[in-house]
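Have a look at the structure below before the remarks.
The values are calculated or read from the model by the stated rules, or taken from the named source; none is laboratory data. Being a predicted model, the structure only gives us computed values, none of them experimental. Positions of Cβ are backbone-derived with ideal geometry, glycine not excepted, and every protein chain shown enters the neighbour counts. The accessibility values were calculated without ligands, DNA or RNA, using every heavy atom of the protein model including side chains. Shrake-Rupley method; radii C 1.70, N 1.55, O 1.52, S 1.80 Å.
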Amino acid sequence: MMRLDGWGRYPSLDGRVVAAASPDDLARLMRDGSGLVARGNGRAYGDAAMGEALTVLGRRLNRMKEFDPVSGNLTVEAGVLLSDILDTFVPRGFFPPVVPGTKLVTVGGMIASDIHGKNHHRDGGFGAYLQSLDLVVPGGETVHCSRENNSELFFATIGGMGLTGIIAQATMTLRTIETAWIDQRTVVAPDLGAALQALDESSEATYSVAWIDCIAGGAALGRSLVYVGEHATRDQLAAAQSERGVLAPAPRAKLGVPLELPSWTLNRASVRAFNEVYFRAGSRTEQALVHFNPYFFPLDGVDQWNRIYGRRGFLQHQCVVPPANAHAVLSEILERFSRSGKASFLAVLKKLGDGTGPLSFPMLGYTLALDVRVTDEIFALLDEIDAIVVRAGGRLYLTKDARQSRDTFEAGYPRLDEFRQVRRAVGAEGRLQSRLSSRLGI
Ligand SMILES: Cc1cc2nc3c(=O)[nH]c(=O)nc-3n(C[C@H](O)[C@H](O)[C@H](O)COP(=O)(O)OP(=O)(O)OC[C@H]3O[C@@H](n4cnc5c(N)ncnc54)[C@H](O)[C@@H]3O)c2cc1C
């Protein structure tokens, strides 16, 4: 038995766990077990990586198997961390096609969530760069899946939250880079309309993301810093007369949150003060060469920052809403948060393109993510916000979820039946079950 929770530390429950060290271990577990699900590095916020009866820890499946520098195709076991791929391949001039806001995630976790990065509007999600995967299905066989072979299972596994099988290994295509630096442009957006416009105007840029001050209300509702980025070239670094290493590895994280912070440290005044400083500092620089680490993974520098919300933990609410009426819908959501006084430090706004699998979160539109501390009152507020999302034809991100209702989920994922059929065909129903899948009736 082990105490299990996600990154938000809600819910936190005791569960039976077993570590798998080889594909044979996975096969044995899948032959014998039921009510189980895989767990990568536990960075899903809620209950996605918590098995109903058993959680299979996959971090020990961490070998890199093959790399072809001509095609950029990399084959690794599913427990390999994104940080290991970066450490190994950035110095060789390669970069993962899509990265989330933390590099402390496994390849299996990234596939199961079909993660989106700051380039989703242009390049799609992680699943779009997946060539094939080896999936251990209930019964214990390993099925090799790709766009051509077992394609339904392949697509259902992308974004399938571990509910079609356990991924043993996968082949993905890396992109080439000239340097480890990002040429970053900052656009100061005084309100939500300006932020949406800046994201639209950056459609051709590789990376874009808006950090919203979600305390600001009234005319400043949605005021943001919009960060637009491209991989910097060698010439740009030379022009900046930089003494920095062209493909330099990252400096190590130094900061930490050693204790559970008492809940009063995060009050409205401290959040407001933080946001003011953040916006003033960010507004000062228009263009800069930034190392990829702080650009993509700003919070990884603070060890265990999830403790900042105190013992009861926190929730992330991440929705996506279609482009039509997005301004009105997102304004209403931000206003509710702002008025409630429950808003987090910052919210993140991104533009998304279409998703890859039937259960993939991304859809054409804008995604808004913000953190809230768990309190008795927060659940009712989030239900109200879900209703706005559903009315707008949007959905919530499963890998961030710990509390949405079945109705909200079913309204947001119209291809759910297709996903359930694949699950039935592969014998996963009743066998592969996470707390999330039981809660939502997947
Ligand atoms: C600070 C932070 C920033 C983030 N930013 C983003 C972002 O920008 N974009 C984004 O899309 N996501 C983002 N995420 C979410 C994160 O990328 C996903 O939750 C990711 O799936 C976590 O990977 P993990 O290895 O920790 O997986 P876990 O949390 O352990 O598991 C996540 C899911 O993957 C399944 N899974 C894990 N391993 C396997 C396997 N071998 N086979 C089958 N299924 C498996 C689990 O069953 C579970 O359903 C962020 C998370 C954090 C904490």
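Annotations
- Among the residues listed as 16, 43, 39, the single one being within 25 Å of residue 114 (Cα to Cα) and in contact with a strand residue (DSSP E or B) (Cβ under 8 Å, 6 or more places away or on another chain): 39
- Candidates 218, 229 - the one that is at pLDDT 90 or above and on the phi > 0 side of the Ramachandran plot: 218
- Boolean, residue 412 is within 15 Å of the ligand (Cβ to nearest atom), at negative phi, in contact (Cβ under 8 Å) with a residue 12 or more places away in the chain and open to solvent by less than 40 Å² (accessible area, probe 1.4 Å): no
- Residue in region 137-165 that is nearest to the ligand (Cβ to nearest atom), counting only those that are among the hydrophobic types (A, V, I, L, M, F, W, C) and open to solvent by less than 10 Å² (accessible area, probe 1.4 Å): 163
- When the strands (runs of 3 or more DSSP E) confined to region 1-43 are screened for residues that are out of contact with any Lys or Arg (no Cβ under 6 Å at 6 or more places or on another chain) and open to solvent by 40 Å² or more (accessible area, probe 1.4 Å), those reaching at least 2 such residues are found at 2-5, 12-19.
- Of all residues in region 73-92, at least one satisfies being touching a residue at least 12 places away in the same chain (Cβ under 8 Å), outside any strand (DSSP E or B), surrounded by fewer than 17 Cβ atoms within 10 Å (Cβ to Cβ) and within 13 Å of the ligand (Cβ to nearest atom).
Matching residues to (1) of a type in the set (S, T, N, Q); (2) in contact with a Leu (Cβ under 6 Å, 6 or more places away or on another chain):
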{"site": "142", "(1), (2)": "yes, no"}
{"site": "150", "(1), (2)": "yes, no"}
{"site": "172", "(1), (2)": "no, yes"}
{"site": "187", "(1), (2)": "no, no"}
{"site": "201", "(1), (2)": "no, no"}
{"site": "222", "(1), (2)": "no, yes"}
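- Restricting 114, 123, 134, 68 to those that are farther than 18 Å from residue 21 by Cβ, within 11 Å of the ligand (Cβ to nearest atom) and of a type in the set (Asp, Glu) reduces the list to 114.
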